[in-house]
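Presented below is the structure to which this report refers.
The values are calculated or read from the model by the stated rules, or taken from the named source; none is laboratory data. The shown structure was predicted, so the numbers you read here are calculated from the model rather than taken from an experiment. Cβ placement follows ideal geometry from the backbone for every residue including glycine, while neighbour counts extend to all protein chains displayed. The protein model used for the area step is the full one, side chains on, heavy atoms only, and it has no ligands, DNA or RNA in it. Shrake-Rupley method; radii C 1.70, N 1.55, O 1.52, S 1.80 Å.
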Amino acid sequence: MPSGSGGVGAIYFDSSGEVVEYQKLLSGTSMNCGGGRTYWNTWVTCEENGTIGRIFEVDPIARTSTLTVLGDDGSQNSGRGSNFESMAFDNRSPESPDFYVTTDSDRGEILRF
């Protein structure tokens, strides 16, 4: 697949389960991998693209996407790209949830933000 030809789409259904629309909500990414749902019902897509991999939050209701910049926690990947694999969260404290991102590497890192 050519660089930059990836993305995220949304399929919309009516109340009887019939597809009524498809819309691409994010484009211009490469090698999108797993991701995860947030507890506020958006989707986070992870991009496995070496040192330029990024993470985007996609909102199927507002039909928007936003680049998510990971915080500076002192890790080698903070604030810059990586081979991001997937995302999960722990919202036992909804006012300050923890987010976890895995990287696709031999070390199998799990980063917390």
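General observations
- Search result, residues across the stretch 38-54 that are farther than 16 Å from residue 98 by Cα and of a type in the set (A, V, I, L, M): 52
The rows are residues; the columns are (1) under 14 Å from the mean Cα position of the chain (by Cα); (2) modelled with pLDDT under 75; (3) surrounded by fewer than 18 Cβ atoms within 10 Å (Cβ to Cβ).
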residue	(1), (2), (3)
51	no, yes, yes
59	yes, no, yes
69	yes, yes, yes
72	no, yes, yes
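- Cross-chain or 6+ apart pairs with Cβ under 8 Å, the stretch 13-29 first and under 13 Å from residue 60 (Cβ atoms), then open to solvent by 80 Å² or more (accessible area, probe 1.4 Å) and in a loop (DSSP other than H, G, I, E, B): 23/63; 25/63
- Among the residues listed as 27, 15, the single one being outside any loop (DSSP other than H, G, I, E, B), at negative phi and modelled with pLDDT of 85 or more: 27
- In the stretch 90-106, residue farthest from residue 30 (Cα to Cα) [restricted to those that are touching a residue at least 40 places away in the same chain (Cβ under 8 Å) and open to solvent by 60 Å² or more (accessible area, probe 1.4 Å)]: 94
- Taking the stretch 1-34 as the range and being in contact with an Asp or Glu (Cβ under 9 Å, 6 or more places away or on another chain) and either polar (S, T, N, Q) or within 14 Å of residue 85 (Cα to Cα) (or both) as the test, the residues that pass are 29, 30, 31, 32, 33, 34.
- Scanning the stretch 6-24 for residues that are open to solvent by 20 Å² or more (accessible area, probe 1.4 Å) and touching a strand residue (DSSP E or B) at 6+ places or on another chain (Cβ under 8 Å) yields a count of 13.
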